[in-house]
Amino acid sequence: MALLGNLRHRPVRRLVQLYLGLTLYGVSMALMIRSQLGLDPWDVFHQGLSELTGLSFGTVTIGVGALVLLLWIPLRQRPGLGTVSNVVVIGLVVDATLALLPAGGPLSVQIAMLVTGIVANGAATALYLGAQLGPGPRDGLMTGYVARRPGRSIRLVRTVIEVTVLALGWWLGGKVGVGTVAYALAIGPLAQFFIPLFAVPEGTAPDSAAPPAGNPAPATPTG
């Protein structure tokens, strides 16, 4: 993993790509929320916690991201600049976008918001992963757990985590719907399509140890 501050290879492109990706990710989350047609598992959880606590969606996203990042400590994971930025930037952007986007509207508008949000989420995932400055805290939790227990399947671990947070979020009042299913079916192919487009070419020694952009599982941050 590219360590915090390791920006010797193409720093301008990587920083621009990282923060563009995180900003787009926050916007995509807000679009899916305003569609009112269902959210991805982690955002169902965030929405449920928001309903329970009265805190804004973005504040809850930041808080959950920070708590998940603490779980990296026993897994001996090292956060990258992208990891730390993921925790803060996405939450701020989603709250700002929600303040600008009206809720509801005709079904056609809701569907357009959902589709745009899912596609933008796939592109955003590829942008920030392609910068190779560290995965989101939720992705790092999955990959770190599997790294410590090599016999475990990352797909199985991811599925268990996401089903758990989805069930908890639904129980807390988060929105589960057709958008949840559409996201689950579409995000993998979308990330696979976009990641090669935005992968920063490998550098020399300092960054060559970083994993290829296509290896991490697609993020759900929310990252």
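The set of residues from the stretch 110-147 being aliphatic (A, V, I, L, M) and closer than 13 Å to Ser35 by Cβ comprises Ile111, Ala112, Met113, Leu114, Val115, Ile118, Val119, Ala120. For beta carbons closer than 6 Å, sequence separation of 6+ or different chains, a first residue in the stretch 69-81 that is among the hydrophobic types (A, V, I, L, M, F, W, C) and a second that is open to solvent by 40 Å² or more (accessible area, probe 1.4 Å), the qualifying pairs are Leu75/Arg148; Leu81/Leu4.
In the stretch 100-123, which residues are open to solvent by 30 Å² or more (accessible area, probe 1.4 Å) and under 30 Å from Gly144 (Cβ atoms)? Steps first, please.
We begin by selecting, within the stretch 100-123, every residue open to solvent by 30 Å² or more (accessible area, probe 1.4 Å); these are 100-103, 105-109, 111-112, 115-116, 119.
If the condition is that a residue be open to solvent by 30 Å² or more (accessible area, probe 1.4 Å) and under 30 Å from Gly144 (Cβ atoms), then Val119 is the only one that fits.
Based on this model, can you work out whether Val160 counts as part of a loop (DSSP other than H, G, I, E, B) and at pLDDT 75 or above? Considered against the rule, which asks whether it is part of a loop (DSSP other than H, G, I, E, B) and at pLDDT 75 or above, Val160 comes out as no.
Return the residues of the stretch 8-35 that are surrounded by fewer than 17 Cβ atoms within 10 Å (Cβ to Cβ) and outside any helix (DSSP H, G or I); say none if nothing qualifies.
Within the stretch 8-35, the first condition is being surrounded by fewer than 17 Cβ atoms within 10 Å (Cβ to Cβ), and the residues that meet it are 8, 10-13, 15-16, 20.
Arg8, Arg10, listed by residue number.
Among the numbered conditions (1) part of a helix (DSSP H, G or I); (2) of a type outside the set (A, V, I, L, M); (3) within 25 Å of Asp95 (Cα to Cα); (4) modelled with pLDDT of 90 or more, the only one that Arg138 does not meet is (4).
Could we say that Thr97 is buried (at least 23 other Cβ atoms within 10 Å of the Cβ) and hydroxyl-bearing (Ser, Thr, Tyr) here? Before the answer, list the steps.
Numbers: buried (at least 23 other Cβ atoms within 10 Å of the Cβ): no; hydroxyl-bearing (Ser, Thr, Tyr): yes.
In short, no.
Only a single criterion out of (1) in contact with a helix residue (DSSP H, G or I) (Cβ under 6 Å, 6 or more places away or on another chain); (2) surrounded by fewer than 23 Cβ atoms within 10 Å (Cβ to Cβ); (3) not β-branched (Val, Ile, Thr) is not satisfied by Pro79, namely (1).
Would you check if Ala131 is in contact with a Ser or Thr (Cβ under 9 Å, 6 or more places away or on another chain) and touching a residue at least 12 places away in the same chain (Cβ under 8 Å)? Spelling it out, it is not the case that Ala131 is in contact with a Ser or Thr (Cβ under 9 Å, 6 or more places away or on another chain) and touching a residue at least 12 places away in the same chain (Cβ under 8 Å). Restricting Thr59, Thr53 to those that are open to solvent by 20 Å² or more (accessible area, probe 1.4 Å), over 18 Å from the mean Cα position of the chain (by Cα), among the hydroxyl-bearing types (Ser, Thr, Tyr) and over 28 Å from Ser108 (Cα atoms) reduces the list to Thr53.
Among residues that are at pLDDT below 70 and more than 18 Å from the chain's Cα centre (by Cα), Gly203 is included.
The values are calculated or read from the model by the stated rules, or taken from the named source; none is laboratory data. Owing to the predicted nature of the structure, the values given are computational and were not obtained by experimental measurement. Reconstructed Cβ throughout: ideal geometry from the backbone, glycine too, with neighbour counts over all protein chains shown. Ligands, DNA and RNA are excluded from the accessible area calculation, which covers all protein heavy atoms including side chains. Shrake-Rupley method; radii C 1.70, N 1.55, O 1.52, S 1.80 Å.
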